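Read-outs: derived from the displayed coordinates by stated rules, not from any lab. Note that the coordinates shown come from a computational prediction; the quantities given were computed from them, not determined experimentally. Reconstructed Cβ throughout: ideal geometry from the backbone, glycine too, with neighbour counts over all protein chains shown.
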Amino acid sequence: MTEWLKIKAKFPNKCILCNEQIDIDDTAYWKKGKGLKHYPECTVGIMESDSRLIIFDKNDDSNYKKS
């Protein structure tokens, strides 16, 4: 099994976890077949497209299930 390797990026790329830019000469983790992720760790942890935030207005009860 291949481990994550700590490298200096030779090409600009995006973090596989948060989709943020990793620039040339940035230190990053790389794994064959996976790609790059931020070093020492990704501060976001999830891709923006995989998350969503839903805010409900407490005064608008149409968003709440009625029992």
Completion exercise
Within the stretch 19-41, the count of residues that are more than 13 Å from the chain's Cα centre (by Cα) and either over 21 Å from THR2 (Cβ atoms) or not aliphatic (A, V, I, L, M) (or both) comes to 12
Fill in the blank from the handout: Restricting attention to the stretch 7-37, the residues that are touching a Phe, Trp or Tyr at 6+ places or on another chain (Cβ under 8 Å), assigned to a strand (DSSP E or B) and of a type outside the set (Ser, Thr, Tyr) number exactly 6
